[in-house]
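Colleague: Sharing a structure here in structure tokens format.
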Amino acid sequence: MSHDIKDRLKSIIENYIDEDEIDVNQEILPDSHIIEDLGLDSFYVIDMIIDIENEFEITIDNDTIMTLGTIQSVIDLISEKLQEK
Amino acid sequence: MSKRVVITGLGVISPNGSGLVEFEEAIRNGKSGITYDQTMIELNSSCHITGRPTFDEDKLRQLLPSGLYSKLENRAIKFACLAGAEAWKDAGLDFTPNNENPDWDSGMIFGVGALAMGEFIRDKINLGYERGPRKIGSRMVEQTMNSGAMTYLNKIIGLGNLVASNSNACSTGTEAAILGYERILAGKAKRMLCGSTESEGWIIWGAFDGMRILCSKFNDAPEKGSRPMAADAAGLVPGAGAGAYVLEDLDSALERGARIYGEIVAGQVTNGGLRNGGSITAANSDATERAIKKSLDEANIDGDDIDLICGHLTSTIGDPREIATWKRALNRTKENFPTINTLKSMTGHCLGASGSIEMVATVLQLHKQFIHPNINIETLHPEIVSLIGTEPVTDRLIERDITYVIKANLAFGDSNSCLIFKKWNE
């Protein structure tokens with residue numbers, strides 16, 4: 001399940017990163033930090049969260065958004081929210 | 001010695017052609033960009049015909065970082081990015097690399113009519129209303145603020161002087177040029193990228209339909225609908241798009257060997273104060289006349305020196321009145337009135353983008369020494385015939401020497417802007 005989440009998440013993140021500067025296949029890794037490593041604008045993170053909510057039909061509260069750092073932390077959060085459903 | 005301002009770059013997204021090459025061919029051949037509009041038909045608008053520009057989406061994708069591009073939904077911003085970037089490249093200038101300082105000597109005035117009234121806004125409003133503002137996402141502000149178009153465009157180009165957006169209805173585009181021209185004359189910038197863009201679709205056009213001023217009598221013949229100066233002109237046909245131009249200090253242009261399209265020798269704005277016949281929607285003719293006369297004074301020429309008038313002329317009952325104003329202001333007679341044309345017969349009225357798209361057409365005509373036809377005039381309006389005869393209103397392409405062209409736009413809010421361009425001689 002985690003693998004499926006990772007692939008779907010990668011498809012979402014790809015829309016927000018600058019492909020000229022970031023190699024999608026090399027740098028979207030579990031340890032990659034979504035802002036520091038992937039160069040996402042902090043406002044892009046908000047849009048990315050909305051896409052994640054729509055894709056997985058979950059709700060992520062604003063306080064939790066502020067705690068997200070690595071790709072793995074986002075995958076864990078999605079898994080947790082899916083289990084709560 | 002006082003500064004001089006020349007035009008060194010042009011760019012355009014127009015209903016009848018996007019990009020300079022396509023656009024020039026279109027205006028030479030009298031090609032209409034007006035088509036049936038399925039959305040307007042389905043919504044039971046009185047006007048079923050509009051001017052929607054087409055463009056290569058891949059070109060835009062290459063200009064913007066993917067993160068910014070992926071959520072860009074406002075087509076008016078897309079028009080601005082494409083036209084503005086084309087003008088900058090056309091001037092032989094490069095975009096500032098991401099890791100360098102902005103170009104401190106160059107600025108931008110890129111105006112908008114009603115940036116938040118594009119069709120994309122409906123889904124955003126519905127989403128917010130039905131599921132809460134949080135679901136709107138982070139990009140609605142930057143795509144609806146009046147400075148949104150210039151912001152996206154400057155992400156591409158990287159200018160560091162004054163970068164701002166003006167808004168003055170149908171005068172927006174030509175007013176932007178005048179503001180840029182004045183900044184260069186004042187010695188505050190070497191170059192100004194100026195222009196304007198306008199929203200597209202049933203929301204903004206529907207608002208004009210609500211005013212009962214759109215054309216409804218040519219729904220079965222889209223290309224015939226926009227007919228400024230015709231006896232049977234029956235209201236404006238709405239359109240959208242963007243026009244852009246690089247204005248440059250002459251010394252700077254000469255120093256870098258830039259191609260020069262022409263010189264701006266005057267730029268004047270007036271407002272009728274919504275007095276003496278002027279209102280929110282109608283021009284105080286005295287104010288329009290004043291803008292034209294002051295432009296002649298600034299250029300230090302007489303009305304007799306004007307070879308071509310590129311009018312505002314909207315395909316409404318205001319056209320004969322505008323011609324009368326030109327005649328008075330230029331002090332020309334019926335026998336020696338100069339040639340007059342208007343792009344709107346081919347593009348419809350592109351509202352906040354009309355001035356800039358028309359200014360691109362004006363400068364192209366001056367540079368290439370031709371006069372584009374007015375289309376759709378089977379019978380000239382009788383009041384216009386009595387004012388200037390039929391000779392000045394051409395329905396065919398004319399190639400001849402042009403030294404001075406005058407261009408004006410009249411706007412809701414009783415604002416007027418007028419520019420005079422002079423042929424550039426090496």
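Colleague: Please give the helices (runs of 4 or more DSSP H) falling wholly within segment B:314-426 in which 3 or more residues are small (Gly, Ala, Ser) and under 24 Å from B:Glu86 (Cα atoms).
Modeller: B:354-368
Colleague: Does segment B:283-305 include one or more residues that are of a type in the set (Val, Ile, Thr), more than 19 Å from B:Ala177 (Cα to Cα) and in contact with a strand residue (DSSP E or B) (Cβ under 6 Å, 6 or more places away or on another chain)?
Modeller: No, every residue in segment B:283-305 fails to be of a type in the set (Val, Ile, Thr), more than 19 Å from B:Ala177 (Cα to Cα) and in contact with a strand residue (DSSP E or B) (Cβ under 6 Å, 6 or more places away or on another chain).
Colleague: If a residue has to be within 13 Å of chain B (Cβ to nearest Cβ) and not hydrophobic (A, V, I, L, M, F, W, C) to count, how many in segment A:1-13 make the cut? Walk me through how you get there before you give the answer.
Modeller: Going through segment A:1-13, the residues within 13 Å of chain B (Cβ to nearest Cβ) turn out to be A:11-13.
So of that shortlist, the ones also not hydrophobic (A, V, I, L, M, F, W, C) come out as A:11.
Within segment A:1-13, residues that are within 13 Å of chain B (Cβ to nearest Cβ) and not hydrophobic (A, V, I, L, M, F, W, C) number 1.
Colleague: Those residues that are surrounded by 18 or more Cβ atoms within 10 Å (Cβ to Cβ) and of a type in the set (Asp, Glu), I need them from segment B:234-264; list them, please.
Modeller: Result: B:Glu248, B:Asp249, B:Glu263.
Colleague: Among what's in segment B:115-160 and is outside any helix (DSSP H, G or I) and buried (at least 19 other Cβ atoms within 10 Å of the Cβ), pick the residue that is farthest from the chain's Cα centre (by Cα).
Modeller: The qualifying residue farthest from the chain's Cα centre (by Cα) is B:Gly137.
Colleague: Can you go through B:Lys124, B:Lys155 and tell me which one is at pLDDT 95 or above and closer than 26 Å to A:Ile13 by Cβ?
Modeller: Of B:Lys124, B:Lys155, the one residue that is at pLDDT 95 or above and closer than 26 Å to A:Ile13 by Cβ is B:Lys155.
Colleague: When segment B:30-54 is examined, which residues are found to be of a type in the set (Gly, Ala, Ser) and under 22 Å from the mean Cα position of the chain (by Cα)?
Modeller: Passing the criteria: B:Gly30, B:Ser32, B:Gly33, B:Gly51.
Colleague: Still on this structure, I have one more. Here is a list: B:Glu200, B:Glu175. Which entry is out of contact with any Pro (no Cβ under 7 Å at 6 or more places or on another chain), surrounded by 21 or more Cβ atoms within 10 Å (Cβ to Cβ), part of a loop (DSSP other than H, G, I, E, B) and at pLDDT 95 or above?
Modeller: One residue alone meets the criteria, B:Glu200.
Colleague: For segment B:55-76, which positions are within 14 Å of chain A (Cβ to nearest Cβ), among the aliphatic types (A, V, I, L, M) and within 25 Å of the chain's Cα centre (by Cα)?
Modeller: Across segment B:55-76, the qualifying residues are B:Leu63, B:Leu64, B:Leu72.
Colleague: I'd like the full set of residues that are over 13 Å from the mean Cα position of the chain (by Cα) and either in a loop (DSSP other than H, G, I, E, B) or farther than 14 Å from A:Asp76 by Cα (or both), limited to segment A:1-18.
Modeller: Scanning segment A:1-18 gives A:Met1, A:Asp18.
Colleague: A follow-up question, please. Only one of (1) surrounded by fewer than 18 Cβ atoms within 10 Å (Cβ to Cβ); (2) under 21 Å from the mean Cα position of the chain (by Cα) is not met by B:Ile27, so which one is it?
Modeller: Looking at each condition in turn, B:Ile27 falls short on (1).
Colleague: A follow-up question, please. Look at segment B:30-46 and say how many of its residues are surrounded by 14 or more Cβ atoms within 10 Å (Cβ to Cβ) and more than 22 Å from B:Met211 (Cβ to Cβ).
Modeller: Within segment B:30-46, residues that are surrounded by 14 or more Cβ atoms within 10 Å (Cβ to Cβ) and more than 22 Å from B:Met211 (Cβ to Cβ) number 5.
Colleague: Could you look through segment A:49-74, keep only residues that are of a type in the set (A, V, I, L, M, F, W, C) and part of a helix (DSSP H, G or I), and pick out the one that is nearest to the other protein chains (Cβ to nearest Cβ)?
Modeller: Checking each candidate, the answer is A:Ile50.
Colleague: Output the residue which, of all residues in segment A:14-48 that are facing chain B (nearest Cβ under 9 Å) and among the aliphatic types (A, V, I, L, M), is farthest from B:Pro133 (Cα to Cα).
Modeller: A:Ile17
Colleague: Does segment A:19-45 hold any residues that are in contact (Cβ under 8 Å) with a residue 12 or more places away in the chain, surrounded by fewer than 17 Cβ atoms within 10 Å (Cβ to Cβ) and not in a loop (DSSP other than H, G, I, E, B), and which are they?
Modeller: Matches in segment A:19-45: A:Val24, A:His33.
Colleague: Under the condition of being in contact (Cβ under 8 Å) with a residue 12 or more places away in the chain and acidic (Asp, Glu), which residue from segment A:1-18 is nearest to B:Leu64 (Cα to Cα)? Let's see the steps before the verdict.
Modeller: Step one: filter segment A:1-18 for residues in contact (Cβ under 8 Å) with a residue 12 or more places away in the chain, giving A:1-2, A:5-6, A:8-10, A:12-18.
Right, trim to acidic (Asp, Glu) and you get A:14, A:18.
Values: A:Glu14: 15, A:Asp18: 9 Å.
If we take residues in segment A:1-18 being in contact (Cβ under 8 Å) with a residue 12 or more places away in the chain and acidic (Asp, Glu), then A:Asp18 is nearest to B:Leu64 (Cα to Cα).
Colleague: Right, another one. Can you name every residue in segment B:260-283 that is more than 23 Å from B:Ser167 (Cβ to Cβ) and at pLDDT 95 or above?
Modeller: Scanning segment B:260-283 gives B:Ile260, B:Tyr261, B:Gly262, B:Glu263, B:Val265.
Colleague: Okay, next question. Give the residues of segment B:299-313 that are surrounded by fewer than 16 Cβ atoms within 10 Å (Cβ to Cβ) and not in a loop (DSSP other than H, G, I, E, B), sorted by residue number.
Modeller: B:Asp304
Colleague: Quick check on segment B:185-196. Is at least one of its residues in contact with a strand residue (DSSP E or B) (Cβ under 7 Å, 6 or more places away or on another chain), over 27 Å from B:Ile121 (Cα atoms) and in a helix (DSSP H, G or I)?
Modeller: Checked segment B:185-196: at least one residue is in contact with a strand residue (DSSP E or B) (Cβ under 7 Å, 6 or more places away or on another chain), over 27 Å from B:Ile121 (Cα atoms) and in a helix (DSSP H, G or I).
Colleague: Which of the residues that make up segment B:114-165 are farther than 17 Å from B:Asn74 by Cα, more than 14 Å from chain A (Cβ to nearest Cβ) and without any contact (Cβ under 8 Å) to a residue 12 or more places away in the chain?
Modeller: B:Tyr129
Colleague: Does segment B:81-102 contain at least one residue that is within 14 Å of chain A (Cβ to nearest Cβ), modelled with pLDDT of 95 or more, in a loop (DSSP other than H, G, I, E, B) and surrounded by fewer than 19 Cβ atoms within 10 Å (Cβ to Cβ)?
Modeller: Yes, the conditions are met somewhere in segment B:81-102.
Colleague: Still on this structure, I have one more. Consider A:Leu77 carefully, then state whether it is more than 9 Å from every other protein chain (Cβ to nearest Cβ), more than 20 Å from B:Lys71 (Cα to Cα), of a type in the set (A, V, I, L, M) and over 11 Å from the mean Cα position of the chain (by Cα). Talk me through it step by step, then tell me what you get.
Modeller: Values: more than 9 Å from every other protein chain (Cβ to nearest Cβ): yes; more than 20 Å from B:Lys71 (Cα to Cα): yes; of a type in the set (A, V, I, L, M): yes; over 11 Å from the mean Cα position of the chain (by Cα): no.
Spelling it out, it is not the case that A:Leu77 is more than 9 Å from every other protein chain (Cβ to nearest Cβ), more than 20 Å from B:Lys71 (Cα to Cα), of a type in the set (A, V, I, L, M) and over 11 Å from the mean Cα position of the chain (by Cα).
The values are calculated or read from the model by the stated rules, or taken from the named source; none is laboratory data. What you see is a predicted model; the values in this text were computed from it and never measured. A quick note on method: Cβ atoms are made from the backbone with ideal geometry, for glycine too, and the neighbour counts reach across all protein chains shown.
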